[in-house]
Amino acid sequence: MAMHPSTRKWVFALAALGLLCAASSRVAPLDVQRESHKLVLPPLPEGIAQPSMLLRPLLAVGRAPVVAYLWMRASKLKEEKLYFDAYQLSQMICELQPRFASVWSFQAWNMAYNISVTLKSPEERWRWVRNGYELLRDQGIPMNPTNTQLYKELSWMLYHKVADIMDNEHWYYKLQFALQMEDILGRPPEDYVRPGRVRGDFYRNYNYQVLAVAPQNVEELLAVPDVERLSETIAGLEASQAQRQEEDPQVREAIEALEWLRDAGEQGVSPVRGFVERLREFGFDAAEEGVYLGLLASLRDGAVQLVGVEPGHYETRLHELKALMSDKATQNARLAIERYWRADRLRHEVKLDPERLVRLHEAFGMIFDYRLAEAHAVYWTSLGIEKGVDRQRAIDVHRLNTQRIVAYAVQRMFHRGRLAMSRNSEMGEPPLLSPDVRAIPVLFDTFIERSKEYLPFEKQQTPVSTNFITGFIGFVRRAILRYHEAGMQDEAQELFDFLRENYPDPMYLAGLDGFLVAQFLYDRDTDDMPRTLARIDALVGRALRLYAYDEDDDAVRCLARGKQIYDYYQANIISDRLEIPLTYGEIVERLTHRFGGTMYRETYERVCAKLGVEPLPVKGETTGSPGE
């Protein structure tokens with residue numbers, strides 16, 4: 001007897017429903033097996049939301065068609081320039097395919113490269129570049145902590161899109177990246193700038209050791225200090241100090257901070273909690289995220305506001321707050337709270353672990369400036385090499401590429417790794433980049449270390465493999481010039497002797513001085529006035545910009561080089577009619593006023609003061625000054 005068509009449909013529908021229920025009932029047992037075989041996702045870090053899909057049993061059997069639809073829909077939304085809708089779908093796709101590294105890589109790349117370049121304003125483009133690398137850093141990697149590909153993609157995106165110069169808006173990216181890190185790390189003290197040290201040195205020599213030993217949570221910060229744990233940490237730091245040839249002041253500062261806490265713990269008191277309670281009387285809860293660092297910033301800028309103060313008592317309470325925040329008796333407590341929140345922001349906002357930073361700096365022999373995206377690239381590259389696991393292939397291409405990014409990033413630091421921020425940076429003035437000689441020994445050691453795996457198979461007995469020899473020799477020659485320009489003659493001589501001994505060349509026969517003369521021959525090839533003046537103008541212009549960014553030592557060296565060229569030309573002209581009609585001081589003054597027109601007025605006047613030049617009056621003023 002044939003079944004009625006409508007009855008057949010209901011039978012099939014009930015059968016499908018039964019199979020769906022049966023499949024759903026296997027989800028829990030399958031999860032147990034996945035966990036036993038270590039195939040489950042790692043616990044999500046704090047701040048990452050759980051997937052928003054509520055119909056998990058349905059997705060167990062219908063994930064593929066849902067994902068396919070979302071991919072097509074996201075592509076269409078992007079074509080229609082509905083970027084934020086496409087972004088939400090991209091997030092959903094990643095949630096549905098959390099174990100596929102290529103999914104995370106594609107979505108991040110799509111945001112940082114494809115979507116960003118379709119927008120016009122630098123603010124919009126930066127938003128999508130940041131969306132791209134944050135998707136990998138904040139979600140993709142935490143869900144796939146052993147996948148080297150994601151570390152490589154993140155490192156390359158930071159290096160290529162932010163640190164490099166390929167994007168037309170790269171200066172805006174560099175500025176925003178640096179401003180975020182300065183906000184997290186804090187600004188240098190008011191008295192930090194002095195002869196031989198500039199504001200940027202604060203970040204190039206930042207004490208991450210004190211952040212590494214800070215408490216991990218607010219409860220620990222406010223609790224009575226654990227004397228036994230603190231004693232163990234202090235002993236470990238003192239042991240590391242004993243292994244050094246000289247005492248590290250940063251480690252000593254961390255030890256002193258811990259000793260203060262240990263002493264309080266032995267007395268059974270919580271010194272931080274007491275200060276927090278006193279601060280709450282003024283309406284500021286330092287145990288709440290953002291409050292204490294915001295208070296420090298507002299005090300620094302003179303913008304602090306008190307609420308709930310009785311009429312007529314405002315100025316008195318404000319004075320009492322400032323007294324509390326400057327009292328020497330509360331200094332250690334204030335430092336402990338500030339360091340805790342800065343370490344917390346590092347861990348949660350940019351995902352940098354202070355303890356790992358300390359180990360990384362010890363391994364490389366220098367403290368990186370994390371206002372630079374290439375420093376973050378080195379961090380994530382190193383972390384990816386350490387955590388990456390690949391059981392499928394003998395050679396992991398992603399690991400090899402990740403190692404190369406370290407070399408690229410360090411080379412970038414050598415060429416353009418000294419970052420100086422303008423005093424008008426928050427108004428949009430981009431940073432100034434110049435060579436960082438601190439990277440020279442790091443890059444030198446990198447060449448030596450990478451050569452060790454190749455040298456046993458090569459005939460020549462030299463420190464660097466033939467695979468890297470051309471790049472290495474070119475790097476060392478440039479390093480000698482950078483050392484010379486920085487006034488580090490002993491270091492320049494050491495590198496020169498290394499080259500002359502291991503890689504002989506006729507250019508080394510005249511010694512270091514002869515080598516330098518040959519390298520700067522274009523400064524002496526001044527047989528006509530226009531070319532000489534162009535070279536002098538370039539050096540003076542560079543000096544003026546360095547003065548504007550408070551890089552005064554480098555500015556002095558640029559001016560001295562320009563004076564040498566000026567004097568050499570004037571002493572070697574063959575006819576008086578070829579003599580430059582201006583003195584060197586007059587050239588500097590003329591260029592100061594010309595470049596001053598491109599500066600903020602305050603910056604221009606500051607540069608004039610450093611050079612002893614009278615600034616031109618503001619248009620409309622009549623002061624009797626030069627240029628009236």
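The values are calculated or read from the model by the stated rules, or taken from the named source; none is laboratory data. Owing to the predicted nature of the structure, the values given are computational and were not obtained by experimental measurement. Quick reminder, even Gly has a Cβ in these numbers, built from the backbone with ideal geometry, and neighbours come from all protein chains shown.
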Quiz item: Is it the case that some residue within segment 592-606 is among the acidic types (Asp, Glu), touching a residue at least 12 places away in the same chain (Cβ under 8 Å) and surrounded by 12 or more Cβ atoms within 10 Å (Cβ to Cβ)?
Solution: no
Quiz prompt | segment 115-173: number of residues that are in contact with a His (Cβ under 7 Å, 6 or more places away or on another chain), crowded, with 19+ Cβ neighbours inside 10 Å and modelled with pLDDT under 95 | solution = 3
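Quick one: which residue in ARG450, ARG423, ARG412, ARG416 is surrounded by 15 or more Cβ atoms within 10 Å (Cβ to Cβ) and farther than 24 Å from TYR159 by Cα? Outline the logic, then answer.
Numbers: ARG450 fails: farther than 24 Å from TYR159 by Cα; ARG412 fails: farther than 24 Å from TYR159 by Cα; ARG416 fails: farther than 24 Å from TYR159 by Cα.
When all the criteria are applied, what remains is ARG423.
Looking at ALA239, ALA235, ALA212, ALA223 in this structure, which one is in contact (Cβ under 8 Å) with a residue 12 or more places away in the chain, among the small types (Gly, Ala, Ser) and over 16 Å from ILE367 (Cα atoms)?
After ruling out the rest, the residue left standing is ALA223.
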Quiz item: Here are some conditions: (1) of a type outside the set (Val, Ile, Thr); (2) touching a strand residue (DSSP E or B) at 6+ places or on another chain (Cβ under 7 Å); (3) assigned to a loop (DSSP other than H, G, I, E, B). GLY200 meets all but one. Which one does it not meet?
Solution: (3)
Practice problem: Only helices (runs of 4 or more DSSP H) wholly contained in segment 307-367 count here; list those with 1 or more residues that are under 30 Å from TRP380 (Cβ atoms). | Solution: 331-349, 354-364
Exercise. From (1) free of Cβ contacts under 8 Å to residues at least 40 places away in the same chain; (2) in contact with a Ser or Thr (Cβ under 7 Å, 6 or more places away or on another chain); (3) not β-branched (Val, Ile, Thr), pick out the condition that doesn't hold for PHE275.
Key: (1)
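This table checks each residue for (1) under 23 Å from the mean Cα position of the chain (by Cα); (2) more than 23 Å from ASP553 (Cβ to Cβ).
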residue	(1), (2)
SER425	yes, no
LEU455	no, yes
GLN461	no, yes
PRO506	no, yes
GLY511	no, yes
LEU516	no, no
